[in-house]
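What follows draws every value from the coordinates through simple rules; no lab data is involved. Please read these numbers as outputs of a predicted model, since none were measured by experiment. Note that each Cβ is placed from the backbone with ideal geometry, even for glycine, and that neighbours are counted across all protein chains shown.
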Amino acid sequence: MKQPWTGIGALFALAAVVFGAFGAHSLTGRIAPEHVEVFKTGAYYQMVHALALVLIGYRIEQRPAALPLTVAAWLLAAGIVLFSGSLYVLSLTWVGAWGLVTPIGGVAFIAGWAAFAIAEIGGGRASGQSR
């Protein structure tokens, strides 16, 4: 069975480009400049982590038994939704409660990168599989 993470990462990247363009062209002049910057930060982090998902998807195809890779993918996807998503909503509504969600997404990003590192350093290798 083919893994979905490469495609999911590509979709998140596509959305990051759309959101980035929206933020740069449609929001500038309509909301406060600092709110536009918050929106752009969400798009930037979404793109970086979307590209990481594409990479992880390729690594899962090479090493399907490496559970930390799948854990990393789920955590990065959750981070995109929670971190970037909360920044998008925060910048558009400026409802401060959304700012409480952002660090949860940041922790998901950190944990996702840690899981990816564990998989690549060797802690997630299935017996008999090559790197």
Next item on the list: Normalising by the residue count of the chain, find the relative contact order in percent from Cα pairs under 8 Å and 6+ residues apart.
Entry: 27 percent
Margin query: As an exercise, use a Förster radius of 25 Å and the Cβ-Cβ distance of Leu100 and Ile121 to find the FRET efficiency, rounded to the nearest 0.05.
Written below: 0.15
Item checked: Whole-angstrom gap from the range 46-72 to the range 78-107, using each part's C-alpha centre -> 23 Å
Check: Are there trypsin sites (Lys or Arg not before Pro) in the range 1-94 that DSSP puts in a loop and that have at most 12 other Cβ atoms within 10 Å, and which ones?
Finding: Lys2, Arg30
Item checked: Computed [θ] at 222 nm, helices only, for the chain once each DSSP H run of length n ≥ 4 contributes -39500 (n - 2.57) -> -23000 deg cm²/dmol
Notebook entry, point to check: Quick one, which of [x] 1.60; [y] 1.17; [z] 1.12 is the actual Cα Rg over 2.2 N^0.38 Å calculated for this model?
Noted result: [y]
Checklist line | Where labels lie 7 Å past Cα in the beta-carbon direction, separation of Phe22 and Ala10 in nm | finding: 2.2 nm
Note to self: Order these by the 10 Å Cβ neighbour count, fewest first: Ile56, Ile118.
What the structure shows: Ile118, Ile56
